[in-house]
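One structure is given here, and the rest of the page talks about it.
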Amino acid sequence: MASAKAKKSKKELKLGISPKLSLSLGAIATVLLLSSVISVMEYSKMSRYVSDGISKDINSINVARQLSDVANEYNLDLLALIGDGSGQQMPLFDAESFMDKCDRLRTALKESNASTLALADSVEYSYAAYMLTSLELPEVYSSDFIDTREWYFNRLQPRYQRLRRSIDLLSQAIYENLRGKSEDFDSGYYRSIMPGIVTAGVGLVLVLMLLFFLQFYYVKPLYRIAAALKRHSTQNRKYNVDFEGDDQIKQINDGIRELAEENDQLRRRITALKSGSKTE
């Protein structure tokens, strides 16, 4: 009794056709879903990082251009004042706004490499040297011993050129950072789609495995059952198909075998009855 219950419980634990198919398709769906989630998360993370970096770099390039324009305008105003020679009042320069832009650059470039930050410092040092030299202009004007044009071209202009060169080098460094982020975006894009590519390959393999599973365990047995039934019904051959396992295909085959055996017995009885009636 106990062994019969054990056999029964063992049979109940085995999966039938529907659970097997559901498990197989569920495994494929789970793999595809996980890969999609990973791909979306990776792409979103990469996109946010690169977009923020590109936005900061573009803003920094615009600020550097503004610094260059402001410095160039002020230098041209000084040149016009010296060329006029009438001793007009010195042009105004918004030093507070200039330094505020320099601080914004430093804040935006905190995550950059040390060389880019050093170039931002160089802009501030060059600006300080240029402004200190430009403040000498009133004294130069009032002096009878200093040639104003010579002072401008030999003393002030080199400092202005140094300031412009510092700004240009900083802009070039920011451009390089921007190009690096663009390359990171390209590599990050391919990195983000790799889980999808891998999953597509895994999904294809799983589909092929499922196809083989269906062909081997279900389609082929059904063909064997159909062929055996045809031979049994048309050629009166014995139904001799057998399968291993304990799923619905096995149960159907066992039921068909029993029916075929009963049919064989019925045929033999009919044949025997016909033979007996002829003998009489």
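The values are calculated or read from the model by the stated rules, or taken from the named source; none is laboratory data. Source: prediction; values computed, not measured. Every residue, glycine among them, receives a Cβ derived from its backbone with ideal geometry; neighbour counts consider all protein chains shown.
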Can you confirm whether segment 211-230 contains a residue that is β-branched (Val, Ile, Thr) and either over 59 Å from the mean Cα position of the chain (by Cα) or not in a helix (DSSP H, G or I) (or both)? no
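Out of 211, 229, 163, 170, I need the residue that is modelled with pLDDT of 80 or more, closer than 30 Å to residue 257 by Cβ and of a type outside the set (D, E, K, R). Which one?
Going through 211, 229, 163, 170 in turn, just one is modelled with pLDDT of 80 or more, closer than 30 Å to residue 257 by Cβ and of a type outside the set (D, E, K, R): 229.
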Leading residue by the ranking (surrounded by the most Cβ atoms within 10 Å (Cβ to Cβ)) among those in segment 231-252 that are touching a helix residue (DSSP H, G or I) at 6+ places or on another chain (Cβ under 6 Å) and part of a helix (DSSP H, G or I): 232
Give just the number: which of (1) more than 17 Å from residue 28 (Cβ to Cβ); (2) in contact with a helix residue (DSSP H, G or I) (Cβ under 6 Å, 6 or more places away or on another chain) does residue 203 not satisfy? (1)
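Criterion first (polar (S, T, N, Q) and within 30 Å of residue 24 (Cα to Cα)) does residue 265 satisfy it? Don't jump to the end; show me each part of the working.
Numbers: polar (S, T, N, Q): yes; within 30 Å of residue 24 (Cα to Cα): no.
Spelling it out, it is not the case that residue 265 is polar (S, T, N, Q) and within 30 Å of residue 24 (Cα to Cα).
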If I filter segment 173-191 for residues that are modelled with pLDDT of 80 or more, surrounded by 14 or more Cβ atoms within 10 Å (Cβ to Cβ), of a type in the set (Gly, Ala, Ser) and over 19 Å from residue 79 (Cβ atoms), do I get at least one hit? yes
Cross-chain or 6+ apart pairs with Cβ under 9 Å, segment 232-247 first and over 18 Å from residue 214 (Cα atoms), then basic (Lys, Arg) and part of a helix (DSSP H, G or I): 236/267; 237/231; 238/231; 239/231; 239/257; 240/257; 241/224; 241/257
